[in-house]
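Peer 1: A single structure is presented below for examination.
Please treat every number below as a calculation from the coordinates, not as lab data. Here the structure is a predicted model, which means the values were calculated and not measured. FYI the Cβ positions are ideal-geometry reconstructions off the backbone, even for glycines, and counts take in every protein chain you see.
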Amino acid sequence: MNPPWWSGPSATATAETEPAAPVIGLDSIRNDPTALRHVQFLTDHGGEFRTSPTLPVRMVLADRRTALMPIDPDNSRRGVLEVTGPSIVTPLVALFEQSWVEATPFGANAIRTVRA
């Protein structure tokens with residue numbers, strides 16, 4: 001069953017048939033009760049979620065072969081660009097992996113220390 005604010009495909013069906021994709025969101029999501037319920041729902045169904053104070057770029061990666069990125073980074077409603085070229089997707093995967101390592105797992109304290 002999907003939460004009432006979920007407008008995508010069935011999250012439970014996806015969680016039962018495919019491994020959940022890891023997601024990084026902004027730390028500010030921790031201040032939004034509706035978003036927190038959504039994240040809790042995803043993690044309760046096998047999803048992995050972390051937060052970061054900033055994100056380098058909004059993107060969706062699929063099978064390490066395709067990236068979806070907003071045409072206009074300031075207005076994602078304008079559409080997305082599908083990128084499949086390995087010379088672009090491979091560094092985007094590396095950027096995501098580095099961001100994942102530095103992000104705070106959902107449920108952990110979001111206080112960070114400043115690196116000198």
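Peer 1: Within the range 26-36, identify whether any single residue is touching a Lys or Arg at 6+ places or on another chain (Cβ under 6 Å) and within 14 Å of GLY107 (Cα to Cα), and answer yes or no. Break it down stepwise before answering.
Peer 2: First pass over the range 26-36, keeping only residues touching a Lys or Arg at 6+ places or on another chain (Cβ under 6 Å): none.
Within the range 26-36, not a single residue is touching a Lys or Arg at 6+ places or on another chain (Cβ under 6 Å) and within 14 Å of GLY107 (Cα to Cα).
Peer 1: Name the residue that is farthest from ILE24 (Cα to Cα), counting only residues in the range 35-46 that are surrounded by 18 or more Cβ atoms within 10 Å (Cβ to Cβ) and either among the aliphatic types (A, V, I, L, M) or under 10 Å from the mean Cα position of the chain (by Cα) (or both). So that I can check it myself, show each step before the final result.
Peer 2: Residues of the range 35-46 that are surrounded by 18 or more Cβ atoms within 10 Å (Cβ to Cβ), as a first pass: 38-39, 41-42.
Subset that is either among the aliphatic types (A, V, I, L, M) or under 10 Å from the mean Cα position of the chain (by Cα) (or both): 39, 42.
Values: VAL39: 11, LEU42: 12 Å.
Step by step, filter the range 35-46, then rank; the result is LEU42.
Peer 1: Oh, and also: Taking strands (runs of 3 or more DSSP E) that do not extend beyond the range 27-116, which have at least 2 residues that are of a type in the set (D, E, K, R) and at negative phi? Step through it out loud before you land on a result.
Peer 2: Details: elements: 49-52, 60-62, 66-70, 80-83.
Answer list for the range 27-116: none.
Peer 1: Give the residue, chosen from ARG58, ARG50, ARG77, ARG30, that is basic (Lys, Arg), closer than 20 Å to VAL101 by Cα and without any contact (Cβ under 8 Å) to a residue 24 or more places away in the chain.
Peer 2: Only one candidate passes the filter, namely ARG58.
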